[in-house]
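Just so you know, all these numbers are worked out from the coordinates, no wet-lab data involved. All of these numbers come straight from a predicted model, not from anything done at the bench. Cβ atoms come from the backbone with ideal geometry, glycine included; neighbour counts cover every protein chain shown.
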Amino acid sequence: QNTGTRSPATTPTHCPYCALQCGMNLTPVGGGTVEVSERADFPVNRGALCGKGRTAAQVLAPGVRLTSPLVRSQGGALVPAGWDEALDRIAGSLGRTRARYGADALGVFGGGGLTNEKAYALGKFARVVLGTSQIDYNGRFCMSSAAAAGTRAFGLDRGLPFPLEDVPRTGCVILVGSNPAETMPPSLRYFTELRENGGTLVVVDPRRTRTAEQADLHLAPRPGTDLALALGLLHLVVAEGRVDEAYVEERTSGWEEARAAAMAHWPEHVERITGVSVPELREAVRLFCAPEAAMVLTARGPEQQAKGTDTVGAWINLCLATGRAGRPLSGYGCLTGQGNGQGGREHGQKADQLPGYRRLTDPAARRHVAEVWGVDPDALPGPGRSAYELLDALGSDVRSLLVMGSNPVVSAPRAAHVEERLRSLDFLAVCDVVLSETARLADVVLPVTQWAEETGTTTNLEGRVLLRRRAVTPPEGVRGDLEVLHALAGRLGVEKGFPVDPEEVFEELRRASAGGPADYSGIDYRRLAREDGVFWPCPAPPPHGGPALRAAVTPPPAAGDTAPRADTAPRPDTAAPGAEDAAAPYPGAPTPAAGGTAPHPGTPRLFLDRFATPDGRARFVPVAHRPSAEEPDEEYPVLLTTGRVVAQYQSGAQTRRVAELNAAAPGPFVELHPRLAARLGAAEGDPLAVVSRRGRAVAPARITTGIRPDTVFMPFHWPGEGRANTLTNPALDPDSRMPEFKVCAVRVEAVPR
Ligand code: SF4
């Protein structure tokens, strides 16, 4: 329910679902019912919620979720069990596997919805208690290409390097492969306000989505060709003399190579590759270059490709050539998807990372984190397999798996194969709030508390660290994920280091992240309870007085103000002597300066004076178009792309249990153009089989002119015969290890009724 009222028992908190992390109020009203109401004081969504957020409390009801551990019986059924029995089974099995096959035979698979505390504790549990390198998480399937490209170009990845409030004040936004009207509806107001303020919106998407309908210009490239599209735009920028030469000279490196790569992509050639006409390319360049400030925002479209890192890199090159990065109201950003997709990738559940966004291969990072953990740095495992590679190794190299907050049976690429790999495990344990499709395969299922029943922090798509407060008492029979890790660690011989109090975990996370790129050391729960979140990096003031923190936060620029402001963080060469000390997360980041112990204000805007590279310059990376891993042929002549619908969230494990959402989006469908439908002799609602090299999915036809005739679209929220990820291609990006969810070759067949 959404009453819009707030009673004394109301708790302000945040939505459990997407990366916008909308503020909401929760009020228990008796009988197990919890009201969701507007929370207008939170600036990101200003009270607006989508249907998923408004109905989120329905998943708290005991009838919907798990309230008892389940164990696999001799007869093969999952049956209720006590907590001790369930935990003993997990610890015993993990211990036996490790003794027989070694620590790397144990796998851990986390989730982008876990709080920062859980992500941190899970990474520590894998490396310290299990001693395994084999940990990764479903966020790998979300934004890892953007993270890799951002790190490559800027030296640091934070989804948005500026707050969303900057969007309506810029001059033009190019949204690439992003459909916020369906994925995060309250954010759409930022783009409508942009247009009301005289700015323009360009949407790049093979489908005419609800977002594309609002654009000034919609470019509909063939799936898998947006890298070429960006190169074509950059070619025109050069040819039309629109390069910001002074900016390129002062703030970047590598331009000549990137320029040469772009000049090899003639607009007419790009038109043939993408299907976007040369006049459309010229119009996009005009809209993007006309105002003084502009942004490019990407989402899963360009990122979920086997060339996702280079595709995002091509869009970053466009920003750099036109001077649209690291300047007020300008920049490149990624719209992260999952609720804690940003924080989840910063604190150690990723195969190659330690807390604070540190590299696992960095000796100094290993020493720092090992000291916080009280272990020998040489005993820490090295990097493990990426998410799909880990799932693919199940049953062979990896014999036992612990899953926390993820449902790869529905969400992983080549899902039937992943399901078969999960079935082949010696042992599978799943912690979840509902009996997901993955939990159904488990030997032990642990029912855990949910967002509204526990306190913890998340980091939204802006890099804003938020406090999610506990608002209701969990039902009998469930325990928190932190309690689970504490209990398993104890059973596996590690008695200390896994507290169950989230604030205690966060205090340790602060120390572990201190001095890292994602420095949270200046953030604590009391502060988060007072503020609307704090943007990292936010270093702590040094103890016992000493140098104070210099004001690194940049106030929001006034409308139309596109010149660098004087009140940004000083450049290293003008900073106080010694300011670039070891506490700096990266060169030029906010660091302590002489004079006091004032708390750091956080850093809403990054890179305004310098980038996080050693020389402070953003790096152009030359990239070239290449075909997708699978191109259409005679046998599979159509392209498939996948995505989300507004009423469901990710694998649908929670939202498919909400009647109102199911009524709005009851099942999968195959969206196709009338011309393709006519070739198949299919009418609206007719069952269609979509067949790829990996399998077959069946769903009703949804016919629309809003999709390219060479492409079909399926949403991926459902299991069963309409499971879209049965079809998707696990070909991986060489840098990010992102699978190619967004494009593969299929054939479409009419299914006799
Ligand atoms: Fe906001 Fe996303 Fe929750 Fe919808 S799902 S209410 S957009 S956080």
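Which of 344, 363, 321 sits farthest toward the positive end of the charge dipole of the range 319-373, with +1 on the Cβ of Lys and Arg and -1 on the Cβ of Asp and Glu?
Ranked along the dipole, the leading option is 321.
Starting from 0 in steps of 10 Å, tell me what percent of the Cα-Cα pairs of the range 150-206 lands in each bin.
21, 49, 27, 2
Testing the spin-label approximation: label points 7 Å from Cα along Cα→Cβ at residue 277 and residue 750. State their distance in nm.
3.3
Could I have the simple spin-label model distance between residue 77 and residue 705, label points 7 Å from Cα toward Cβ, reported in nm to one decimal?
So the label points at residue 77 and residue 705 sit 5.6 nm apart.
Express in whole angstrom the spacing between the alpha-carbon centres of the range 143-212 and the range 266-294.
18
Measure off 7 Å from each Cα along the Cα-to-Cβ vector at residue 246 and residue 213, then give the distance between these two points in nanometres to one decimal.
Going from the residue 246 label point to the residue 213 one covers 4.4 nm.
Report the net charge of residues surrounding residue 228, where surrounding means a beta-carbon distance below 14 angstrom and charges are Lys +1, Arg +1, Asp -1, Glu -1.
Working: positive: 222, 272, 307, 626; negative: 226, 268, 271, 280, 310, 631.
Its environment carries a net charge of -2.
Rg over Rh of the chain, using C-alpha atoms and the Kirkwood radius, what does it come to?
Rounded to two decimals, Rg/Rh equals 0.95.
Using the Kirkwood formula over every pair of different C-alpha atoms, what hydrodynamic radius in Å results for the range 616-753?
Kirkwood hydrodynamic radius for the range 616-753: 16.1 Å.
What are the lysines whose alpha-carbon lies under 28 Å from the alpha-carbon of residue 118, with same-chain residues fewer than 8 places away excluded?
52, 350, 496
How would you order 141-153, 255-267 from highest to lowest mean count of nearby Cβ atoms within 10 Å?
Answer by packing, highest mean first, reads 141-153, 255-267.
If the chain between residue 359 and residue 689 were fully stretched, how many nm would it gain, using 0.36 nm times the residue separation less the Cα-Cα distance?
Details: separation 330, 0.36 × 330 = 118.80 nm, distance 4.39 nm.
Answer, rounded to one decimal: 114.4 nm.
Using unit Cβ charges (K, R positive; D, E negative) and no other charged atoms, how large, in debye to the nearest 20, is the dipole of the chain about its Cα centre?
860
Divide by every residue of the chain the summed helix terms, -39500 (n - 2.57) for each DSSP H run of at least 4, and state the resulting mean residue ellipticity at 222 nm, rounded to the nearest 500 deg cm²/dmol. Write out the running numbers ahead of the final one.
On the way: 22 runs with 196 residues, N = 753.
It lands at -7500 deg cm²/dmol.
Need one word for the range 144-334: rounded, prolate or oblate. Basis is the Cα gyration tensor (sqrt eigenvalues a ≥ b ≥ c); a/c below 1.5 gives rounded, then a/b vs b/c decides. Write down the numbers at each step before the final one.
On the way: a/c = 1.30, a/b = 1.15, b/c = 1.14.
In terms of gyration-tensor shape, rounded.
Which residue, 719, 74, 273, has the largest displacement toward the positive end of the dipole of the chain when charges sit on each Cβ (Lys, Arg +1; Asp, Glu -1)?
Of 719, 74, 273, it is 74.
Below 13 angstrom from the Cβ of residue 198, what's the summed charge of the other residues (Lys, Arg +1; Asp, Glu -1)?
-2
What does DSSP give for the chain in terms of the percent of beta bridges that are antiparallel, rounded to the nearest 5?
50
What is the antiparallel percent of DSSP beta bridges lying wholly in the range 144-334, to the nearest 5?
Of all bridge pairs located within the range 144-334, approximately 0 percent are antiparallel.
Going by average Cβ neighbours within 10 Å, how do the peptides 597-607, 644-654 rank, with the highest at the top? Mind dumping the intermediate values first?
Working: 597-607: 21.2, 644-654: 24.2.
Highest-to-lowest ranking by the protection proxy: 644-654, 597-607.
Mind checking the full-extension length gain between residue 396 and residue 526? Use 0.36 nm per residue of separation minus the Cα-Cα distance, one decimal, nm.
Computed gain between residue 396 and residue 526 is 42.1 nm.
Please report the antiparallel percentage of the DSSP beta bridges confined to the range 665-753, to the nearest 5.
Antiparallel: roughly 80 percent of the beta bridges in the range 665-753.
Sort 522-529, 401-408 by the packing proxy (mean of other Cβ within 10 Å over each peptide's residues), most packed first.
Result, highest mean Cβ count within 10 Å first: 401-408, 522-529.
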